[in-house]
Amino acid sequence: ETELGMPLFRRRPRPLALTAAGEQLFPDVQESLDILATAIERLRQVNAPTDLTVSVLNVFAAKWLVSRLPNFQQQYPEVDVRLQTSNSAVDLQTRTDDVAIRYGKGHYPDLEVQRLMTDEFTPVCSPRLLLDGQPLAVPEDLAHHSLVHFEWLNYGADAPSWKNWFASAGIDFIDPDRGLKFDDESLAIQAAIAGQGIALCSSIHVSDDVKLGFLTQPFDIALPGLTYSAVYLKKHPKETLILKFVTWLNEQIQDLE
């Protein structure tokens with residue numbers, strides 16, 4: 001208005017209205033602002049970050065995610081994924097990790113939450129154990145085999161342990177604490193593959209090994225597990241990259257079904 005020396009708005013109590021000069025100028029101003037907005041968005045895309053740091057549990061990375069990542073890189077070659085493995089929940093507020101894949105009940109206040117998949121726990125072993133002479137036809141036959149354990153952190157009495165599995169199977173004469181013990185599930189899985197005993201493991205973490213014939217599931221009795229979820233900060237500056245990754249994760253999960 002100062003530049004033109006004429007009013008463009010009628011200043012009156014609501015609503016604000018354009019003068020005749022303002023109405024004449026409005027379409028060109030709107031077009032100019034649209035052009036400017038398009039140019040800014042184009043510049044943002046050119047300079048947008050391409051790296052994505054993902055925090056994930058050790059076993060989930062080793063037994064499920066890593067083998068599938070080449071497919072993500074093929075679909076999204078512009079995104080550079082960096083995995084940070086940890087068995088402790090990272091603080092996303094520190095901004096050192098962009099998205100975390102967490103395992104739990106799915107309640108993560110103040111974060112965007114994309115539920116992925118829920119697992120269950122069932123005994124698995126090498127197919128060789130079925131041929132070694134010792135019977136393994138019914139749960140009671142586990143008395144003749146070594147059990148493989150791994151340590152559960154922050155799970156409590158409801159952990160999918162051999163003790164709880166035997167209770168579900170109605171067996172009370174087998175010592176649920178005997179056998180090999182590890183501090184990580186991926187080690188327990190490898191021990192089972194090597195024929196060192198029978199492990200009680202996540203259906204998600206053993207899915208590939210079962211499909212490839214490295215492991216077999218001798219019994220149908222299973223204990224309920226928890227849910228994997230992708231979580232990230234609300235209005236994250238890398239939300240576009242995060243959603244690409246989460247969408248891809250869901251595509252991989254659908255292929256399992």
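The values are calculated or read from the model by the stated rules, or taken from the named source; none is laboratory data. Note that this is a predicted model, so its numbers are computed, not measured. When we count neighbours, we look across all protein chains shown, and the Cβ atoms used for this are built from the backbone with ideal geometry, even at glycine. Note: areas computed on protein heavy atoms with side chains; ligands, DNA, RNA excluded. Shrake-Rupley method; radii C 1.70, N 1.55, O 1.52, S 1.80 Å.
May I ask you to list the residues in the stretch 138-177 that are touching a strand residue (DSSP E or B) at 6+ places or on another chain (Cβ under 6 Å) and in a loop (DSSP other than H, G, I, E, B)?
145, 160, listed by residue number.
Mind listing just one residue for me: the one in the stretch 157-172 that is hydrophobic (A, V, I, L, M, F, W, C) and modelled with pLDDT of 95 or more and, of those, farthest from the chain's Cα centre (by Cα)? So that I can check it myself, show each step before the final result.
Residues of the stretch 157-172 that are hydrophobic (A, V, I, L, M, F, W, C), as a first pass: 157, 159, 162, 165-167, 169, 171.
When the remaining residues are screened for being modelled with pLDDT of 95 or more, the result is 162, 165-167, 169, 171.
Details: 162: 26, 165: 26, 166: 30, 167: 30, 169: 31, 171: 34 Å.
Only one residue fits best here, namely 171.
Within the stretch 12-59, track down each residue that is of a type in the set (D, E, K, R) and either part of a helix (DSSP H, G or I) or modelled with pLDDT of 80 or more (or both). Working first, answer last.
Keep residues of the stretch 12-59 that are of a type in the set (D, E, K, R), which gives 12, 14, 23, 28, 31, 34, 41-42, 44, 51.
Selection gives 23, 28, 31, 34, 41, 42, 44, 51.
Return yes when residue 192 is open to solvent by 10 Å² or more (accessible area, probe 1.4 Å) and small (Gly, Ala, Ser) and no when it is not.
Values: open to solvent by 10 Å² or more (accessible area, probe 1.4 Å): no; small (Gly, Ala, Ser): yes.
Considered against the rule, which asks whether it is open to solvent by 10 Å² or more (accessible area, probe 1.4 Å) and small (Gly, Ala, Ser), residue 192 comes out as no.
Please work out if residue 255 is within 30 Å of residue 125 (Cβ to Cβ), open to solvent by 50 Å² or more (accessible area, probe 1.4 Å) and in a loop (DSSP other than H, G, I, E, B). Quick ask: steps written out before the conclusion?
Values: within 30 Å of residue 125 (Cβ to Cβ): yes; open to solvent by 50 Å² or more (accessible area, probe 1.4 Å): yes; in a loop (DSSP other than H, G, I, E, B): no.
For residue 255, the condition - within 30 Å of residue 125 (Cβ to Cβ), open to solvent by 50 Å² or more (accessible area, probe 1.4 Å) and in a loop (DSSP other than H, G, I, E, B) - is not met.
Which of (1) within 30 Å of residue 247 (Cα to Cα); (2) buried (at least 16 other Cβ atoms within 10 Å of the Cβ); (3) touching a strand residue (DSSP E or B) at 6+ places or on another chain (Cβ under 8 Å) does residue 182 not meet, given it meets every other one?
(1)
All but one of (1) of a type in the set (Phe, Trp, Tyr); (2) over 28 Å from residue 163 (Cβ atoms); (3) open to solvent by less than 70 Å² (accessible area, probe 1.4 Å) hold for residue 26; which doesn't?
Here residue 26 meets the rest and fails (3).
Working only within the stretch 130-156, note down all residues that are modelled with pLDDT of 90 or more and polar (S, T, N, Q).
The initial filter retains those residues of the stretch 130-156 that are modelled with pLDDT of 90 or more, namely 136-150.
Answer for the stretch 130-156, where residues must be modelled with pLDDT of 90 or more and polar (S, T, N, Q): just 146.
Do you know which of the residues in the stretch 181-205 that are of a type in the set (S, T, N, Q) and not in a strand (DSSP E or B) is farthest from the chain's Cα centre (by Cα)? Steps first, please.
Of all residues in the stretch 181-205, those of a type in the set (S, T, N, Q) come to 186, 190, 196, 202-203.
From what's left, not in a strand (DSSP E or B): 186, 190, 196, 203.
On the way: 186: 17, 190: 22, 196: 30, 203: 15 Å.
Checked the stretch 181-205; the qualifying residue farthest from the chain's Cα centre (by Cα) is 196.
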